[in-house]
Amino acid sequence: MKSISIKSLKLGFFDTVLHEATAAAVLRVLEAHDIFDIEFITGEKAALIQELKAGEIDIFTTLWLPDVHNSLINDFPLMKSIGTLYHPTLFFALPVQFQSEISSIDHLKSVDSIHRNVEVPATLYEKVQEIFVAYGLLESGYSLIPVADEAAFKRYQQILQSQEGKIIIGYHPSFLDDDQRLYSLQDPKAMVNSEQRATILIRDRIVSVLGSDLIDELAEMTLGNQVVKLMEHAVRVNGMDAHEAAEEWQRGKLVVRA
């Protein structure tokens, strides 16, 4: 039974193609429950965090738990985490020309061919910093430079084109998954590629207002890694916007077009 009396919602997401497409898929579920006045909220990570803390965002898609965004979840005690939309993992990579020279993250400390300044997507910064500390990379001269996620993606594309010696911090599922110009570094400490849950945050005060039917549907909603990857591909390659990609998913027509 639908018991929704809420008239509008603010739906937040990190400012990347992948997160926007995921938010667009969640939006379609909300619309199916007669919520049509939905405002998308995105922007720089720091600004989003402040809006979440201030209670300005009703639903957020997504945080990656238990590790990648663990430092953030404690900042939002008035938000409820529900569901698992997909299962992301991180990876550290290099251009393939270094594959015979460097096979593991451990090796990065002892090579001179890799640039010490590492650009990292802002949404992954805290977890990547933790990994760099654990591997002793900061002590050996590496430094992390947080940049907007889409800016990092464009920079990584340039690195792959030039095959210069720079570290790529990526994640699965993503547009870079099948790029043959890079390879993933081994992770002997098993800190990088631990599987995460892409979970939805909902502000406590609206959970009861949304009603159990909608909350249950969101909690059970599953996109899966392949669908998320195909939605990103649809935006980056096929020229769709996030809403069009989500509609293709809803209609079961989401395929890679040549």
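The values are calculated or read from the model by the stated rules, or taken from the named source; none is laboratory data. Every value quoted in this text rests on a predicted model; they were computed, and no experiment measured them. Neighbour counts are summed over all protein chains in view; Cβ atoms, including those assigned to glycine, are modelled from backbone coordinates with ideal geometry. What goes into the accessible areas is simple: the full protein's heavy atoms, side chains included, and nothing from ligands, DNA or RNA. Shrake-Rupley method; radii C 1.70, N 1.55, O 1.52, S 1.80 Å.
If the chain linking Ala32 and Arg236 were pulled fully straight, counting 0.36 nm for each residue of separation and taking away their Cα-Cα distance, it would gain 70.8 nm. For the range 68-159, which GluC sites (Glu not before Pro) pass both filters: DSSP loop (anything but H, G, I, E, B) and at most 16 other C-beta atoms within 10 Å? Taking the range 68-159 and a limit of 16 other Cβ atoms within 10 Å, the loop GluC sites (Glu not before Pro) found are Glu101, Glu139. Distances between every pair of Cα atoms in the range 1-146, grouped in 5 Å steps from 0 to the bin holding the largest one, split as 2, 8, 16, 17, 16, 12, 10, 8, 5, 3, 2, 1, 0 percent. Computed per residue of the chain from DSSP H runs no shorter than four, each worth -39500 (n - 2.57), the mean residue ellipticity at 222 nm is -10000 deg cm²/dmol.
Of the listed residues Thr222, Thr42, Thr61, Thr84, the order by accessible area with a 1.4 Å probe, largest first, is Thr222, Thr42, Thr84, Thr61. What residues from the range 50-93 fall in the zone where the backbone N is under 11 Å from a label point 7 Å along the Cα-to-C-beta line of Arg205? Once the point is set 7 Å along Cα→Cβ of Arg205, 54-58 turn out to lie under 11 Å by backbone N, inside the range 50-93. Counting only the Cα atoms, the range 84-163 fills a convex hull of 115 Å³ per residue. Shown for the range 137-258: lysine pairs separated by 8 or more places, or found on different chains, whose C-alpha atoms are under 22 Å apart, numbering 4. With a ≥ b ≥ c the root eigenvalues of the C-alpha gyration tensor of the range 114-258, is it rounded (a/c under 1.5), prolate (a/b larger than b/c) or oblate? It comes out oblate by the Cα gyration axes.
Filter the trypsin sites (Lys or Arg not before Pro) in the range 96-173 to those in DSSP coil with at most 16 other Cβ atoms within 10 Å of their Cβ, and list the result. All intermediate terms of the calculation are to be shown ahead of the outcome.
Working: sites: Lys109, Arg116, Lys127, Lys154, Arg155, Lys166; in loops: Arg116, Lys166.
Those satisfying the criteria are Arg116.
A cut-off of 5 Å between modelled amide H atoms, ignoring neighbours fewer than 5 places along the same chain, links Tyr135 with no other residue.
Rounded, prolate or oblate for the chain? Axes are the square roots of the Cα gyration tensor eigenvalues, ordered a ≥ b ≥ c, and the cut-off for rounded is a/c under 1.5. Here the chain falls in the prolate category.
The chymotrypsin sites (Phe, Trp or Tyr not before Pro) of the range 110-160 include none that meets both conditions, a loop assignment by DSSP and at most 15 other Cβ atoms within 10 Å of the site Cβ.
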